[in-house]
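Written out below as structure tokens is the structure these notes cover.
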Amino acid sequence: MSIKIGDKLPSIGLQIMTDTGPQWVTTDELFAGKKVVFFALPGAFTPSCSEAHLPGYVIHADAIKTKGVDHIICLSVNDVYVMNAWGRDQNVEDRVLMVADGNGDFTRAIGMEVDDRASGRGWRSRRYAMIVEDGVVTALNLERPKAFEVSSAEAMLNQL
């Protein structure tokens with residue numbers, strides 16, 4: 001079953017890259033007491049993700065944050081090293097926090113996994129974006145398969 005508006009995010013460990021190396025963080029740490037724009041995508045360095053999805057959030061980060069957003073978080077079922085390299089490649093800097101769900105635990109827990117084994121990429125995340133306030137989902141924009149319309153930075157900015 002997929003997560004829905006009004007649900008609290010489960011407490012799950014994820015990884016981020018710090019100056020001293022990979023670090024485990026919980027979803028509680030990432031979302032507690034904060035308003036967060038959170039988006040997930042099928043994979044780092046993939047065409048739509050690299051050409052439109054992540055760059056839109058980098059471009060619109062300041063405008064999003066002026067709407068009272070504490071953080072913008074990008075999640076993919078990739079390891080922390082890949083997410084870090086992709087963030088550097090996309091000049092993310094401190095505008096978007098790149099979060100790795102390397103084992104897909106969070107993605108499965110909220111029902112957003114997709115079987116992409118036919119294309120050789122294994123289990124991935126569906127493409128979506130949500131607004132999370134103090135760990136509770138207040139808006140959820142889930143893309144249709146192969147689409148990129150409702151989870152863009154522009155769509156989320158219009159919802160804030």
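Bear in mind these aren't lab numbers, they're just calculated from the coordinates by the rules spelled out. Bear in mind the structure is a predicted one, so any value in this text is a computation, not a measurement. All Cβ positions, even for glycine, are placed from backbone atoms using ideal geometry, and neighbour counts span all protein chains on display.
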Checklist entry - How fast does the chain diffuse by Stokes-Einstein, in µm²/s, taking the Kirkwood radius from C-alpha pairs at 25 °C and 0.890 mPa s? => result 159
Item to check | Proximal lysines to Lys67, defined as alpha-carbon separation beneath 17 angstrom and excluding residues fewer than eight positions away on the same chain | outcome: Lys34, Lys35
Checklist entry - So, in nm, how far is label Ala155 from label Ala63 when the simple model puts each one 7 Å beyond its Cα toward the Cβ? => result 1.6
Checklist entry - Using alpha-carbon pairs under 8 Å, 6+ residues apart, how would you state the relative contact order of the chain in percent? => result 31
Checklist entry - What is region 1-49 by shape, rounded, prolate or oblate, if you read a ≥ b ≥ c off the alpha carbon gyration tensor as root eigenvalues and call it rounded for a/c under 1.5, prolate for a/b larger than b/c, and oblate otherwise? => result oblate
Checklist entry - Which shape class, rounded, prolate or oblate, goes with region 59-143 when its Cα gyration tensor gives a ≥ b ≥ c as root eigenvalues, a/c under 1.5 marks rounded, and past that a/b bigger than b/c marks prolate? => result oblate
